[in-house]
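Single-structure report; data block below.
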Amino acid sequence: MKSLFRPDDAPDGSALDLHRPLIRSLERRGLLRGGITLGSLVMLTGCDVKRPEAVQQALLAISRLNDKVQALLFDPNKLAPTYPASMILRPPKFNAYYDVVDVKPVNGATWRLELSGLIQDKRPWTVEDLQGLPQSSMVIKHICVEGWSYIGGWTGVTLRTFLERVGADLKAPYVAFNTADNYPSSIDMATALHPQTMLALQYGGQTLADPFGFPLRLRTATKLGYKNPKWLTSIEVTNTYPGGFWEKKGFPWFAGI
Ligand SMILES: Nc1nc2c(c(=O)[nH]1)N[C@H]1C(S)=C(S)[C@@H](COP(=O)(O)O)O[C@H]1N2
Ligand SMILES: [Mo]
């Protein structure tokens, strides 16, 4: 049967293929513990899924319900495991929705972080501005849904410090990001304010390297790899659900670990 989540234009061997085990398991579970199975949807819609958009809509709606339940269960004070600096992997592992040879480096001198939405001070930030904020470090595990992980050491500004500094509305439910390679992503405010969620400028005590998101990326210890956008270009605080690159293809939005 045709995959509900795999767009027809995805080239073979792309990151979509690498993320296929999760796609399959989502399909097996019907996404969802909400009572509707893929089988019953197929029964409803005919075997070759005559209206895949309608089915996808239904699945995504149920997935969003699961996100809300997960968000309710999230403990904003519980810390993810941390590790000694000696365990930091150098260099880190790379992944993106395209190959490493296609990474286009960002020019740090002209780069700006743009702000929008429910934020009082929307002035753009330079790398130096961000370096001037209080810095902290964490050594945490990165887990990708492809089935690999690594321990990495990150230094930067906690997202909480940054959001407080720019006068963000901390009661808004969503913080959304965009990136130089157009990989939109978003997280819930509780995760944004978690002490292990950071705007990272450094890896292993050195400036981030190009394929790992120079000059700025999000690193959060409480979410799967795909919720850690690299090469950030903008942050928006919003009341409207923003979704994200993989979420639009049916991946869970909350994706906590
Ligand atoms: N801008 C951008 N950020 C991204 C991605 C991407 O394709 N583009 N891929 C995500 C995925 S699926 C993973 S596992 C991690 C990989 O981060 P790393 O290359 O530092 O290991 O980045 C995440 N952030
Ligand atoms: Mo990933």
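A few remarks follow.
- Residue match in region 220-236 (condition: assigned to a helix (DSSP H, G or I), open to solvent by less than 20 Å² (accessible area, probe 1.4 Å) and more than 9 Å from ligand 1 (Cβ to nearest atom)): no
- Of the residues screened, K249 is not one that is touching a Lys or Arg at 6+ places or on another chain (Cβ under 9 Å), under 24 Å from T82 (Cβ atoms) and open to solvent by 10 Å² or more (accessible area, probe 1.4 Å).
- Taking the criterion of being part of a strand (DSSP E or B), open to solvent by 20 Å² or more (accessible area, probe 1.4 Å) and among the aliphatic types (A, V, I, L, M), the residues of region 139-162 that qualify are V139, I143, I151.
- Residues in region 126-138 that are in a strand (DSSP E or B) and open to solvent by 30 Å² or more (accessible area, probe 1.4 Å): S136, S137.
- P195 being more than 15 Å from ligand 2 (Cβ to nearest atom) and touching a strand residue (DSSP E or B) at 6+ places or on another chain (Cβ under 9 Å): yes
- Qualifying position, being more than 16 Å from ligand 2 (Cβ to nearest atom) and modelled with pLDDT under 95, among D188, D210: D210
- Inter-residue pairs, beta-carbon under 8 Å, first under 23 Å from S137 (Cβ atoms) and within 16 Å of ligand 2 (Cβ to nearest atom) and in region 70-97, second assigned to a helix (DSSP H, G or I) and among the small types (G, A, S), 6+ apart: N95/A15; N95/G225
- Qualifying residue in region 56-66 (condition: away from ligand 1 (no atom under 16 Å from the Cβ) and part of a loop (DSSP other than H, G, I, E, B)): no
- The set of residues from region 88-104 being away from ligand 1 (no atom under 12 Å from the Cβ) and open to solvent by less than 90 Å² (accessible area, probe 1.4 Å) comprises just one member, I88.
- Restricting the first member to region 180-198 and to residues that are within 14 Å of G156 (Cα to Cα), and the second to residues that are among the aromatic types (F, W, Y), the beta-carbon pairs closer than 8 Å and six or more apart or on different chains are M198/W154.
- If you go through region 163-204 and keep only what is charged (D, E, K, R) and either in a strand (DSSP E or B) or open to solvent by less than 10 Å² (accessible area, probe 1.4 Å) (or both), you end up with just D188.
The values are calculated or read from the model by the stated rules, or taken from the named source; none is laboratory data. All figures in this text were calculated on a predicted structure; none of them were measured in a lab. Because the Cβ atoms are built from the backbone with ideal geometry, glycine has one as well, and the counts that use them run over all protein chains shown. All accessible areas refer to the heavy atoms of the entire protein, side chains included, with ligands and DNA or RNA removed. Shrake-Rupley method; radii C 1.70, N 1.55, O 1.52, S 1.80 Å.
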